[in-house]
């Protein structure tokens, strides 16, 4: 379970400060797949980063009573000077997955379909190759709750199909929090939703109701 208590987030810029999130108090149960919806700039990615621990709240508390993934598709944590293989081994060790390291590395290599590039420095990868590696790394480890920021599949048609199948299996065995603009993804994968609006969070047990309220708020 992930619990947020009175969470605020402010970013300072050259033009002053901007409160992205104000007073969020939420509970994400481990048996729910929750969508985070809202317009651009509403704070969806910010909330995902806060839950992951990649960023910290300005005020408030976030408690994680579960093993929570890093955001699926996040490529910022990859080390450019390391190869894909070395990155996979590094992730295994820093996250405490010391059991069967080589088996997990082999899974990442096979799933990512990077071929010989798996042993090339990540600095030589295209954006798509980086995302494939990051996506495959996320699937190689078991978490109680997975965090998703938009990306659930990349690449050609065959790889997207394989990725979606793996993602469906993932959502059947663990909880998930997904930030997305896609209505079809919300309806397919989620059974509850959080609508971020003007820095505040509104919880809905029904994704259909959440989407209806969100769509009504958009300019016609």
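The values are calculated or read from the model by the stated rules, or taken from the named source; none is laboratory data. Values in this document were obtained by computation on a predicted structure and should not be read as measured data. Quick reminder, even Gly has a Cβ in these numbers, built from the backbone with ideal geometry, and neighbours come from all protein chains shown.
Quick notes on this structure:
- Top-ranked residue of the stretch 132-149 - restricted to ones that are in a loop (DSSP other than H, G, I, E, B) and out of contact with any strand residue (DSSP E or B) (no Cβ under 9 Å at 6 or more places or on another chain), ranked as surrounded by the most Cβ atoms within 10 Å (Cβ to Cβ): 140
- Meets criteria (surrounded by 16 or more Cβ atoms within 10 Å (Cβ to Cβ) and over 25 Å from residue 180 (Cβ atoms)) for residue 90: no
- Being modelled with pLDDT under 80, crowded, with 21+ Cβ neighbours inside 10 Å, within 23 Å of residue 95 (Cβ to Cβ) and within 15 Å of the chain's Cα centre (by Cα) is true of residue 167.
- Residue match in the stretch 114-127 (condition: assigned to a loop (DSSP other than H, G, I, E, B), farther than 21 Å from residue 47 by Cα and touching a strand residue (DSSP E or B) at 6+ places or on another chain (Cβ under 9 Å)): yes
- Among (1) touching a helix residue (DSSP H, G or I) at 6+ places or on another chain (Cβ under 7 Å); (2) at pLDDT 85 or above; (3) not assigned by TED's automatic domain parsing to the domain that holds residue 46, the one test that residue 177 misses: (3)
Here's the yes/no breakdown for (1) surrounded by 15 or more Cβ atoms within 10 Å (Cβ to Cβ); (2) free of Cβ contacts under 8 Å to residues at least 40 places away in the same chain; (3) under 20 Å from residue 214 (Cβ atoms):
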| position | (1), (2), (3) |
| --- | --- |
| 26 | yes, no, yes |
| 33 | yes, no, yes |
| 45 | yes, no, yes |
| 52 | yes, no, no |
| 56 | no, yes, no |
| 60 | yes, no, no |
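- Counting only strands (runs of 3 or more DSSP E) that sit wholly inside the stretch 1-113, those with at least 3 residues that are modelled with pLDDT of 90 or more and over 24 Å from residue 167 (Cβ atoms) are 2-13, 16-28, 59-64.
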